[in-house]
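J.: Just passing along the structure, written as structure tokens.
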Amino acid sequence: MRELAPSLLAANFYNLKGDIELLNKSHVKYLHIDIMDGSYVPNISFGTDIIKQIRKNTDLIFDIHLMVNKPENQILNLKDAGADIVSFHPETTDHPNRVVSEIKKNGMKAGIVLNTHTHESVLEYLIQDIDLILIMTVVPGFGGQQFMPSKLEKIKRVRKMIDESGRDIILEVDGGIKIDNVDQVIEAGADLYVSGSGVFNPDGISNNVDKFYEIFNK
Ligand code: DX5
Ligand code: ZN
């Protein structure tokens, strides 16, 4: 079952309420929430207070993408803010296995993010414990960048790793995914599709969501 995870980063911050209400009325089940610290990536997005406010107004599954150094410092804040899934880049901590177990101990699902330069071999000693793998198809830090087709083979390889593990792990892709290029990512075998500028744009949130699901269900 394929699902869309609209990326909050591209929402209208001057009218978040309106955008969340439209998502609540749509087919969408997930909301992708990018947290950037200006250190691991050269951009700052928003913190947990904003997430808490949104949590009061939606039942969407909060899919948190941490782009911060020392993700271990954010786990309790995120739990308190109502996060459901927390994914981090393994190079941002000295102890990825410990971060995975802390996230799960706090009742959330744990994900590992593969940056564009990160080899999937990093999953070897993590795959037995994680719930999600997020593959970057742009260099993280900014919305609205071009999808990197060179990552399609990587998505296929990780799909195979998941299938061979026999575990129930969600394969998520993030960066530059649009209605007109999602077909090739579907073919590569992803489950969960992040889209920021492909959802929050002048064509309209509801219209874009409907189009993605039409393609998913084809
Ligand atoms: C990039 C973020 C993405 C971004 C996606 O650092 O991790 O989630 O918001 O936005 P688009 O779909 O516009 O590339
Ligand atoms: Zn993201």
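All of the numbers you see were taken from the coordinates with simple rules; none came from a lab. This is a predicted model, so every value here is computed, not measured. Glycine gets a Cβ as well: all are built from the backbone with ideal geometry, and neighbour counts include every protein chain shown.
J.: At a temperature of 10 °C and a viscosity of 1.306 mPa s, determine how fast the range 48-125 diffuses translationally according to Stokes-Einstein, using the Kirkwood radius over alpha-carbon pairs as Rh; express D in µm²/s, rounded to the nearest whole number.
T.: Reported coefficient: 123 µm²/s.
J.: Ignoring everything except DSSP H segments at least 4 long, calculate the 222 nm mean residue ellipticity for the chain; use -39,500 (n - 2.57) per segment, divide by total residues, nearest 500.
T.: -9000 deg cm²/dmol
J.: Report, for the chain, the % of DSSP beta bridges that are antiparallel, rounded to 5.
T.: 5 percent
J.: Sticking with this structure for a sec: Expressed as a whole number of Å, what is the distance separating the alpha-carbon centroids of the range 86-158 and the range 1-56?
T.: 19 Å
J.: With viscosity set to 0.890 mPa s at 25 °C, what whole-number translational diffusion coefficient in µm²/s follows for the range 23-63 from Stokes-Einstein and a Kirkwood radius over Cα pairs?
T.: The diffusion coefficient I find is 214 µm²/s.
J.: If the viscosity is 0.692 mPa s and the temperature 37 °C, what translational diffusion coefficient in µm²/s does Stokes-Einstein give for the range 69-164 when Rh comes from Kirkwood over Cα pairs?
T.: Reported coefficient: 233 µm²/s.
J.: Spin-label point model (7 Å from Cα, Cβ direction): what's the Asn181 to Asp210 distance in nm?
T.: Each label point lies 7 Å from its Cα, and together they span 2.6 nm.
J.: Defining a contact as two alpha carbons under 8 Å apart and six or more residues distant in sequence, what relative contact order in percent does the chain show?
T.: 22 percent
J.: Report the Rg/Rh value for the chain, based on alpha-carbon coordinates and the Kirkwood definition of Rh.
T.: A ratio of 0.93.
J.: Here is a follow-up. What residues qualify as long-range amide H neighbours of Leu114, i.e. H under 5 Å apart, gap of 5 or more or another chain, H built at 1.01 Å from N?
T.: Counting only residues 5 or more places away or on other chains, the set is Leu134, Ile135, Met136.
J.: For the range 1-104, what is the convex hull (Cα atoms) projected area averaged across all directions, in square nanometres?
T.: Computed as one quarter of the Cα hull surface, the answer is 7.0 nm².
J.: Now, a different point. Output needed for the range 103-154: three equivalent-ellipsoid semi-axes, defined as square roots of 5 times the C-alpha gyration tensor eigenvalues, in descending order, whole Å.
T.: Each semi-axis is √(5λ); the values are 23, 14, 8 Å.
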